[in-house]
1. Note down the magnitude of the dipole of the chain about its Cα centre, charges +1 on Lys and Arg C-beta and -1 on Asp and Glu C-beta and zero elsewhere, to the nearest 20 debye.
2. Starting from the Cα gyration tensor of the stretch 124-177, take the square roots of the eigenvalues, sort them a ≥ b ≥ c, and report rounded, prolate or oblate (rounded when a/c is under 1.5, otherwise prolate if a/b is larger than b/c, else oblate).
3. Which of rounded, prolate, oblate describes the stretch 38-163, given a ≥ b ≥ c as roots of the alpha-carbon gyration tensor eigenvalues and a/c under 1.5 marking rounded, otherwise prolate only if a/b is larger than b/c?
4. What spacing in nm lies between the two simple spin-label points modelled at Gln74 and Ser190, each 7 Å away from Cα in the Cβ direction?
5. Students often check this: by mean Cβ neighbours within 10 Å, which of 60-71, 17-28, 96-107, 137-148 ranks highest, and how do the rest follow?
6. Would you mind pulling out the separation of the Cα centroids of the stretch 162-176 and the stretch 66-137, in Å?
7. Which of Phe35, Gln152, Met79 sits closest to the plus end of the dipole of the stretch 4-211, meaning its Cα is farthest towards the positive end, when Lys and Arg get +1 and Asp and Glu get -1 on the C-beta?
8. By its C-alpha gyration tensor, with a ≥ b ≥ c as the square roots of the eigenvalues, how is the stretch 93-139 shaped: rounded for a/c under 1.5, else prolate for a/b larger than b/c, else oblate?
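Bear in mind that the values in this text are calculations on the coordinates, not laboratory data. All of these numbers come straight from a predicted model, not from anything done at the bench. Cβ placement follows ideal geometry from the backbone for every residue including glycine, while neighbour counts extend to all protein chains displayed.
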Amino acid sequence: MLLQPLTNNLTLRRAIAADSNWAAPLLFSICPALFSYIFAASSEQAQDVLQQAFAYPSHSFSYEHTCVVEIQGQPVGLMIGYPAEIKRHADGKVHGVMARITPLRKLPKILVNVADFNRIKQDISLEDYYLLGISVLPEFRNQGLGTYLLAQIESQAQAVNCQAICLDITYINARGRKFFERNGYRVTLSKTSDRFEQFTRSGGIHRMVKHLVEPM
């Protein structure tokens, strides 16, 4: 439950490219090992890549798909997600963005890592909404903001008639898994690969789903 002073001062807005300086590190904090793997870079380098990528439009990690929650005009958290059709289009744009901001010598490894990650995560149906993640600044956690952002995502999904919301979370993120389970999400698939485990030390990926409309 949100504390009453927070409830009275919350605003939600669309992110802009200029948010990248603070928003990209917060987005990166959702799963540093996974971003480092996808970008084939150290944690510091991957965070820099994400910060650059965030300012580009149209792709999966873009400001265009991000909403920001503020308290009295101060950004304190974010959420990023999209319906399946937009996700598929945005995923297809990632390679082009990576080609612009990463050295050419890294692209082959990036492509291999992305292909490996795609093999261990489940596709989503055209009726679903995909939640890439939500994150709140450390000093504002445990005050209900994560639950608030999740409710906003669910409202957005319902507004475009999505049947379910799905997300991916690493095995080692037990705290995150418990948060989503408290809010009605359940693990429907768990997969890993030797390569993913070797480079991320994250175990593997759980797909979690919450049905907004009861399946027939």
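1. Its charge dipole is roughly 420 debye.
2. Working: a/c = 3.33, a/b = 1.46, b/c = 2.28.
In terms of gyration-tensor shape, oblate.
3. Details: a/c = 2.10, a/b = 1.32, b/c = 1.59.
Cα axes put the stretch 38-163 in the oblate bin.
4. Inter-label distance under the simple model: 3.9 nm.
5. On the way: 60-71: 20.9, 17-28: 19.0, 96-107: 13.1, 137-148: 15.1.
With the highest mean Cβ count within 10 Å placed first, the list reads 60-71, 17-28, 137-148, 96-107.
6. Value for the Cα centre distance between the two parts: 14 Å.
7. Toward the positive end, the furthest listed residue is Phe35.
8. oblate
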